[in-house]
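Contents: one structure, followed by commentary.
Bear in mind these aren't lab numbers, they're just calculated from the coordinates by the rules spelled out. On a predicted model such as this, the values are computed, not experimentally measured, just so you know. Virtual Cβ from ideal backbone geometry, glycine too; neighbours counted across all protein chains shown.
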Amino acid sequence: METSAFLIAGLIVALIAVFTVVRAVRIVPQARARNVERLGRYHRTLTPGLSLVIPYIDRVHPVIDLREQVVSFEPQPVITEDNLVVEIDTVLYFQVTDPRAAFYEIANFLQAVEQLTVTTLRNVVGSMDLEMTLTSRDTINSQLRGVLDEATGKWGLRVNRVEIKAIDPPQTIKDAMQKQMRAERDKRAAVLGAEGQRQSQILTAEGDKQAAVLRAEGNRTAAILTAEGQSRAIDEVFQAVHRNDPDPKLLAYQYLQTLPQLAQGSGNNFWVIPSEITSALQGMSRAFTEVLPQSPATREKPSDDSAERAADDTAQAAEAAAAALADAAKADHRATPDALPSHVPADGQGDNGRT
């Protein structure tokens with residue numbers, strides 16, 4: 001019986017010893033720290049690694065994270081200078097540099113940092129209007145960081161960065177801003193369209209101008225070339241005529257060939273024949289009755305066949321002229337069947353030789 005009591009007592013002592021040893025040995029992870037109080041007073045801070053404390057005398061507090069921490073706060077309503085309420089969502093990057101101060105200088109440093117951020121944010125944004133608030137994020141971030149870093153220094157904290165994640169104005173302001181942006185884009189599109197149309201019209205006008213200039217230069221060159229061609233043709237004809245020394249009989253022959261063309265046309269009811277027709281016919285008659293001298297341009301006498309063909313052509317031309325005269329007289333008689341014109345005699349010959 002006594003042996004069992006000793007065994008139970010030994011087991012209890014062993015358990016207490018083991019529990020004491022376990023409480024005396026503390027292992028702190030890397031980038032962590034733990035504060036130790038001895039008899040209710042701060043004693044020391046445990047660094048990463050294996051540490052020994054006195055059980056039942058030393059009190060080890062929870063682990064404090066020494067790494068940089070990221071805290072995203074809930075959107076907070078902030079009133080701007082122009083009395084508009086905006087929702088601002090912030091993100092804070094901070095790091096615990098003094099575990100003792102972070103534990104003993106402030107009860108809850110996360111809540112303290114959050115409240116300080118909201119208060120500072122309202123002070124900074126309250127001095128700005130909505131447009132400046134939306135376009136001055138860097139300014140707001142730098143001011144928040146300066147104020148928070150100065151206030152949290154005694155708490156053993158270091159604020160590395162403060163970022164504004166979102167700024168949400170009221171829905172009515174959003175609608176007005178969207179309408180303004182749409183109007184600006186429509187205006188920009190209209191300006192760009194007008195500019196493009198103006199450039200297009202300018203380019204088209206320049207193209208038309210160049211085309212007109214080139215067309216005018218082409219017409220001028222063509223007219224000059226045509227005039228030069230006509231000039232050369234007239235010069236060649238003139239030189240050829242003077243080289244061959246034409247006589248009046250050749251001119252009379254050409255004159256008779258032109259007469260049928262004068263009588264052509266459906267509206268020729270009155271036809272005036274020049275007086276030179278008599279001299280031309282007389283020259284033609286002499287050409288058939290007289291032997292003409294050979295012109296200086298003629299080198300050889302024409303053969304009998306050539307003479308016969310020339311005579312036939314001349315006769316045909318005379319017949320065509322007579323037929324043209326007869327057609328003109330018939331047309332004149334149909335136009336004035338009752339009386340003849342006062343300037344044309346009844347026998348068909350006038351003082352000027354007109355028929």
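Positive contributions from Lys and Arg (+1) and negative ones from Asp and Glu (-1), summed over other residues with Cβ under 12 Å from the Cβ of Val191, come out at +1.
Approximating the spin labels as points 7 Å out from Cα along Cα→Cβ, the Asp235-to-Asp208 distance works out to 4.2 nm.
Short-range pairs are left out: with C-alpha atoms under 8 Å and at least six residues apart, the relative contact order of the range 51-203 is 27 percent. Taking Lys and Arg as +1 and Asp and Glu as -1, the other residues whose beta-carbon sits under 11 Å from that of Pro55 total +2.
Kirkwood radius for the range 49-142, taken over all pairs of different Cα atoms as the inverse mean of 1/r, rounds to 16.1 Å.
The range 139-202 and the range 1-66 have Cα centres spaced 56 Å apart.
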